[in-house]
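The values are calculated or read from the model by the stated rules, or taken from the named source; none is laboratory data. Everything numeric in this text was worked out from a predicted model, so none of it was measured. A quick note on method: Cβ atoms are made from the backbone with ideal geometry, for glycine too, and the neighbour counts reach across all protein chains shown.
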Amino acid sequence: MDDSNKSNQPKARWQLPRGLTRGVWEYVNSDSIAGDYDDYFALTKLFELDEEVIARHLDPDRNRGKVVADLGCGTGRALVPLVRSGFHGLAVDLSMKMLHIVQEKADEESLPIECVQTNLVEMDGLADESVDHAICLFSTLGMIQGRENRRKVLRHVNRILAQDGLFILHVHNLWFNLYDPGGVRWVLGSLLKSWTRKDYDAGDKFFNYRGVHNMFLHVFRRRELVSDLKQAGFRVREMFYLDAVRQGELKRKWFFGDMRANGWIVVCEKGTNANVR
């Protein structure tokens with residue numbers, strides 16, 4: 001890991017890494033968020049769900065020694081168990097503070113994890129077909145602002161995956177916001193704003209989060225997500241609809257499931273490689 005860059009606060013918007021808002025940059029460089037990340041989310045049921053989906057598709061007995069990349073790995077809460085089971089890990093995150101925690105965990109257990117600090121939109125330093133599988137969880141993709149930037153992340157993932165590689169990701173559902181207080185107004189306003197402003201996508205949210213002002217998250221429509229995955233060269237193998245409280249799979253998803261799901265965990269197969277531009 002290269003910790004030579006001590007400047008954590010860009011002075012102007014143009015100095016921010018591509019696809020990052022100032023709020024996300026503040027989040028990335030927060031000591032407190034990195035320090036208590038594991039404790040804060042210790043009882044989050046979604047973490048158990050995505051680990052169940054991962055275990056279903058990434059059998060360690062058949063993948064022993066293969067490399068799995070955790071894109072936006074945070075403190076390695078999903079990657080470390082995979083490496084314990086026999087995988088080799090590639091921890092990718094823009095937060096050096098998070099990566100230091102991953103490295104501490106790896107050193108403590110002598111786990112084969114390599115840490116790479118990079119912006120997910122700019123993963124040019126990772127070689128073609130250099131990882132066997134990849135995961136991108138807890139709506140990390142939604143923290144990227146701009147649809148073309150999110151599509152570029154997906155094209156990079158396709159590029160670095162081996163030919164038989166799987167990609168597992170989680171995103172939130174735009175329409176689920178209809179059930180929040182004031183949600184109908186927000187959804188309608190978001191759709192209208194996307195029609196009138198070129199710098200705004202329907203589903204872009206700004207909110208205060210754990211001391212971070214104007215944290216950014218993009219929430220998806222299912223068709224949008226499937227279209228972006230297809231454009232990046234992926235085929236969807238399984239789409240896991242999350243129930244309202246993210247404790248299991250949505251029941252009767254055939255009944256307006258695209259509107260009722262909290263979000264999706266999607267398992268993708270690498271298809272035709274799309275050029276990254």
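Tabulated data for the structure shown
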read-out: Failed item in (1) in contact with a Phe, Trp or Tyr (Cβ under 8 Å, 6 or more places away or on another chain); (2) part of a strand (DSSP E or B), with residue 237 passing the rest; value: (1)
read-out: Test: residue 246 is part of a loop (DSSP other than H, G, I, E, B) and under 19 Å from the mean Cα position of the chain (by Cα); value: yes
read-out: Residue 127 being of a type outside the set (S, T, N, Q) and modelled with pLDDT of 95 or more; value: yes
read-out: Test: residue in the stretch 118-130 that is touching a Cys at 6+ places or on another chain (Cβ under 6 Å) and over 30 Å from residue 253 (Cα atoms); value: no
read-out: Among the candidates 134, 106, 91, residue that is more than 27 Å from residue 215 (Cβ to Cβ) and surrounded by 20 or more Cβ atoms within 10 Å (Cβ to Cβ); value: 106
read-out: Any chance residue 51 is assigned to a helix (DSSP H, G or I) and surrounded by fewer than 19 Cβ atoms within 10 Å (Cβ to Cβ); value: yes
read-out: Every residue from the stretch 203-232 that is touching a residue at least 60 places away in the same chain (Cβ under 8 Å), of a type in the set (Gly, Ala, Ser) and surrounded by fewer than 20 Cβ atoms within 10 Å (Cβ to Cβ); value: 211
read-out: Check on residue 34, farther than 27 Å from residue 124 by Cα and either among the aromatic types (Phe, Trp, Tyr) or not in a strand (DSSP E or B) (or both); value: no
read-out: Inter-residue pairs, beta-carbon under 9 Å, first touching a residue at least 60 places away in the same chain (Cβ under 8 Å) and farther than 13 Å from residue 221 by Cα and in the stretch 245-265, second among the β-branched types (Val, Ile, Thr) and part of a loop (DSSP other than H, G, I, E, B), 6+ apart; value: 246/44
read-out: Residue 28 more than 17 Å from residue 138 (Cβ to Cβ), among the aliphatic types (A, V, I, L, M) and either at pLDDT below 95 or under 14 Å from the mean Cα position of the chain (by Cα) (or both); value: no
read-out: Any pair with Cβ under 6 angstrom, 6 or more apart, that starts in the stretch 168-183 at a residue that is in contact (Cβ under 8 Å) with a residue 40 or more places away in the chain and ends at one that is of a type in the set (A, V, I, L, M) and loosely packed, with under 13 Cβ neighbours inside 10 Å; value: 178/184
read-out: Checking residue 46 against (1) part of a helix (DSSP H, G or I); (2) in contact with a Phe, Trp or Tyr (Cβ under 9 Å, 6 or more places away or on another chain); (3) more than 25 Å from residue 245 (Cβ to Cβ), the condition it does not meet; value: (3)
